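Shown next, in C-alpha cells, is the structure this report addresses.
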Amino acid sequence: MKKLLELRQKKTELATQMRSLLTKAEEEKRSLNADESTQFDELRTQTDALQVDIVRYEAIADEERNQGDKTKPATDGKKVTNAELRHYIMTGDTRSLSTG
C-alpha cells in the first residue's frame with residue numbers, strides 16, 4: 001500500500017508540473033514552445049507509465065483484500081447482541097454468545 005500511495009503522489013506531482021507548463025503559456029497568451037512541448041510530452045509519458053503501475057498495485061491490493069475476507073471465520077448469520085458482547089467482555093464467558 002505504501003508503494004501505491006507513493007506512485008499516486010508522484011503522478012500528482014507530474015500532473016502539477018504539466019498544469020504549470022500550460023498555465024504559463026496561457027498567461028503569456030501563446031501556445032507551448034518546442035522545449036515546453038517536449039517537456040510536456042515527457043511528463044505525459046511518465047504519468048502514463050505510472051498509471052500502469054498504479055493499476056497493477058491496485059489489482060494486487062484488491063486481491064489481498066479479497067483473500068483477507070475469505071480467511072475470516074463464518075458467523076453462521078448470527079448476530080451478537082450488545083448485552084451478549086458486554087457479558088463476554090466482562091466475564092470472558094462465551095456461552096452467552098451461543099444463544100439464538
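For the charge dipole of segment 2-93, defined by +1 on Lys and Arg C-beta atoms and -1 on Asp and Glu C-beta atoms about the Cα centroid, which residue among SER20, LEU85, ALA49 has the Cα displaced farthest towards the positive pole? After comparing all options, I get LEU85. In this simple spin-label model, placing a label point 7 Å from the Cα along the Cα-to-Cβ direction at both LYS24 and ALA83 gives a separation of 7.1 nm. Go ahead and run the numbers for FRET between GLU6 and SER37, Cβ-Cβ distance against an R0 of 41 Å, rounding to 0.05. Efficiency, rounded to the nearest 0.05: 0.90. For THR16 and VAL52, the FRET efficiency from 1/(1 + (r/R0)^6), where r spans their Cβ atoms and R0 equals 22 Å, is about 0.65. Charging the Cβ of each Asp and Glu at -1 and of each Lys and Arg at +1, and nothing else, the dipole of segment 2-93 about its Cα centre rounds to 380 debye. In segment 2-93, Rg over Rh equals 1.41, where Rg is the alpha-carbon radius of gyration and Rh the Kirkwood radius from pairwise Cα distances.
None of the figures in this text is laboratory data; all of them are computed from the coordinates on show. Keep in mind that this is a model prediction, so the values were computed, not measured. Quick reminder, even Gly has a Cβ in these numbers, built from the backbone with ideal geometry, and neighbours come from all protein chains shown.
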